[in-house]
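The values are calculated or read from the model by the stated rules, or taken from the named source; none is laboratory data. Model, not experiment: these values are computed from the prediction. No Cβ is skipped: glycine too gets one built from the backbone with ideal geometry, and neighbour counts run over all protein chains shown. Keep in mind that these areas ignore ligands, DNA and RNA; they rest on the heavy atoms of the full protein, side chains included. Shrake-Rupley method; radii C 1.70, N 1.55, O 1.52, S 1.80 Å.
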Amino acid sequence: NMSSPLTTRICPPLLQTVSFHSTISSDKDKLSQDEVNELMAKSRVIFGQLPFSKGRSGNKILRKKFIGPMVTRHHHKPFANILRDYFPDFMTDVEERRKIKLAFLRRRGKGPPKKGEGKRAAKRGGKKK
């Protein structure tokens, strides 16, 4: 909409002079409040600005690059768990050592207690029924 009265009144003087204030000197050249609001709205569209408000807009955060896909891409399933999908008997070195150690401790009678037979149950005087 380049043929509005605002663009015909403002654009030629702006192109001829450097200073905006020197072009508006007499009362007939002054803009009405509606024209000022229209000019402000068009400048916001041209320069990609938000309307002025005294409160916080959150625009600084919204302008930042969205990192959601990057975060989800780096928190993937551990490789050992992926291998277990294809090889159910797969165990890592740490798991194998722990399994061997637990078997050794159980043979000596030092393995982990059965569920409900730990220290807390021994304090109370046996398993609660």
Of the conditions (1) surrounded by 10 or more Cβ atoms within 10 Å (Cβ to Cβ); (2) assigned to a helix (DSSP H, G or I); (3) modelled with pLDDT of 90 or more, residue 94 satisfies every one except a single condition; which number is it?
(1)
Pick from region 73-91 the residues that are open to solvent by 100 Å² or more (accessible area, probe 1.4 Å) and either touching a helix residue (DSSP H, G or I) at 6+ places or on another chain (Cβ under 8 Å) or part of a helix (DSSP H, G or I) (or both): which of them is farthest from residue 50 (Cα to Cα)?
86
Which of the residues spanning region 50-71 are polar (S, T, N, Q) and not in a loop (DSSP other than H, G, I, E, B)?
59
